[in-house]
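Data block below; observations after.
The values are calculated or read from the model by the stated rules, or taken from the named source; none is laboratory data. Computed from a predicted model, the values in this text were never measured in an experiment. Note: ideal-geometry Cβ built from the backbone for every residue, glycine included; neighbour counts use all protein chains shown.
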Amino acid sequence: MSIHNSSLSNAERKADPKPSNKNNEATESATILMTGSTGFIGKEVVKQLGGSQAQLLLLVRSESKARKALNAYGVTDFSRITCIQGDLSAPGLGLSDADRERALQANIIIHAGGTMDVTLKPLVAEQIFMNGAREIAELAEEIQRTHGLRHMIHVVGFMSPYGRKDSPSGSSTDEDRGNKPNRQRSLLSRYFHSESAYEHMKFEADRYIRQHAEQHSYALSVVNPSTVVGPHPTGITEQTGGIGMMIQAMRRRRMPLIPGGPQHWLPLVSNDVVAQTIVFLTRDRNPSGGTYPLLSRKADSPDMKELIRLLAAELDVSAPRWSVPLPIIHAAMKAGGTKISGIPPESIAFITKQEFGVQQTERLFQRMGQKLPEVSDLLPYVTADLDYRFSYPSQEDLPQGWTRTRKGSLAVLVHEGQGEPWVIVHGLMSGADDMLPLGNALWSMTGNPVWLVDLAGFGRSPVLRNEAKRKAFTGQVEAVKSVLEEVQGPVHLVGHSVGAAIAAVVMQESGRDNIQLAMLQPVWGASKDGLQRLISRFPRRMLQGLLSRMTPQQVAAQLNRADASEINPTLLEGYSRRASSGLKSPRIAGANADLFHWIQSHPYDKVLQTNVNAQCTLMAWGTTDKGYARPENIHSSVQHVELPYGHQFPLFHAEETASLLLKWKMNRSERLN
């Protein structure tokens, strides 16, 4: 059976319905069979469906692993979720008789399953995508025949040629597909060709399901996400393929040329927008189906030259100036360039010159009551998150109770609680994750909310930009102030090292009288170490490069030189390894270099000059710190505490530091009462 142009299914032959919003929402109960529920898009769909009355049947290979993955993503209510064990690549989906009966109770199918791996071998890609399409289609046919399938929603990449006005006929059959295109293609054309088996089989699955929906008369909506990035507002992108491959190459300074040039672009969409679209489609009472490319118009999106420039700025590397046609880049990668760039030739397949018809998508979003969101504002957070993942490839899962989010303009780790929050700002060569032991101890002792802040350019926070980048310290102050703007009542602000100096100025400039400040080993003067003073005078790029080459052993040696107290070897080794890994990122190394320069060249001499601020402030000083001198211009009303430790005591003595902070809080409360 052939498909001709836009006449792709019953759904495609119908005109898009007029905006009707809630009037078109399904009122009868929905039972949704879903594949790909633990994928990057799927987990967000399950999360967003959590507030509905729909019953979810999730096809998973392992129920325990699926529950763990969903739970880590924030899905905690499984009362309407049933996991059925199966495999897209297995005959009959590998379902038991009982699970197949459960699957046949569905009246909506979301087919979003399949591995995101552009390097899949042809046989593996066919087993996953084509076998999965055939088996899901067979279930759809049986459901349609027995009690009616309300809606099939298929998620397939935006480069699929099917469903467009100029789409191919799709008349090829299983027999003539195989390797025939490869046999007909010359050696030269194969060498310059960029379509992967992953793409090819996904598109063939798209064609197959469209044909099947036409033949068996059920409504089919095809959702075509462009390259998918993390959700608003955090941009957390666990799927490191796609744009992540370019970011990996750029951070390693292995992308000397712009792939494609100003005529090309890389369409992007966030996974929460994809999920919103799918969830909305599940609620249609009388779905008409259609094809919905999820991307902005090309004219409203950055071209490749602009995109690479934006990524380079976020990664703190130099942007390439010259562009090269994609076929030449693809050929160079196949000839050995992959070993240099670290990315496979298939990775450039998502860069395109094409414009996509998004009128049907825009009409759908009108029905949803919104516009297709732009990704531009999210891109700095996506870039920082992916750079962080590449910097810490062996990162562990967060301890229970902690979530990653965004406060103001910065990435923040949050543990919810009751009462006045603790907002903790880290120091040099560290990040929010390094403050987790202190955060855990504070939460355990107080039950208060705890926010661990990544300074701009550190951890998962984007770099400072424009004027703020040239004024690193004041830019960090403004960024932390944006975090505190999300706290309406009193707050305990804690800063370590240069983070203490930043926190002190935040308190001073905020104009608020409900901030209590704890400065832990505050630094706003040059180091006592002559070598560090010398290095801190180096030009920024040179200092950035020196920091990026620091080994874990060198980090540990520097700490031991600056700290006369004994540090737990296990804690020291873990910290040194993390610090060295983080500094491999030009972004993180650059942010550290900027603050090293500030410490050396621009000591802040106007901290805590008001009596009101000073009376709300604690300074804790480790007396064995051989790297920095105790600040001399501390107001006399500041409460002073000494500890027999060195500069990094909040990291290596978290319990004692938390006890100190709690005692200070209680003493202050008693004085106020």
Where a residue in the stretch 434-462 is without any contact (Cβ under 8 Å) to a residue 60 or more places away in the chain and assigned by TED's automatic domain parsing to the domain that holds Trp402 and its partner, wherever it lies, is basic (Lys, Arg) and part of a loop (DSSP other than H, G, I, E, B), with Cβ under 6 Å and at least six apart: Asp454/Arg460
Complete set of residues in the stretch 433-467 that are among the basic types (Lys, Arg) and farther than 30 Å from Leu310 by Cα: none
Filtered residues of the stretch 110-125 (kept if modelled with pLDDT of 70 or more, within 30 Å of Ala30 (Cα to Cα) and in a loop (DSSP other than H, G, I, E, B)): Ala112, Gly113, Gly114
Condition broken by Asp176, with the remaining ones in (1) modelled with pLDDT under 85; (2) in a helix (DSSP H, G or I); (3) closer than 30 Å to Leu281 by Cβ; (4) not aromatic (Phe, Trp, Tyr) satisfied: (3)
Residue identified as in contact with a Lys or Arg (Cβ under 8 Å, 6 or more places away or on another chain) and among the charged types (D, E, K, R) among Arg210, Arg251: Arg251
Filter pass, Ala620 being more than 16 Å from Pro522 (Cα to Cα), at pLDDT 95 or above and of a type in the set (A, V, I, L, M): no
The stretch 470-488 residues that are polar (S, T, N, Q), paired with ones that are part of a helix (DSSP H, G or I) (beta carbon under 6 Å, 6 or more apart): Gln476/Ile502
Of the criteria (1) surrounded by fewer than 19 Cβ atoms within 10 Å (Cβ to Cβ); (2) over 17 Å from Leu149 (Cβ atoms); (3) at pLDDT 95 or above, which one Ser52 fails: (3)
Subset tally (residues that are of a type outside the set (Phe, Trp, Tyr) and under 30 Å from Leu543 (Cβ atoms)) for the stretch 290-322: 17
Test set (1) over 23 Å from Gly475 (Cα atoms); (2) of a type outside the set (Asp, Glu); (3) at pLDDT 90 or above - Asn611 fails condition number: (3)
Scan of the stretch 505-535 for residues that are among the small types (Gly, Ala, Ser), modelled with pLDDT under 95 and touching a helix residue (DSSP H, G or I) at 6+ places or on another chain (Cβ under 8 Å), ordered by number: Ser510, Gly525, Ala526, Ser527
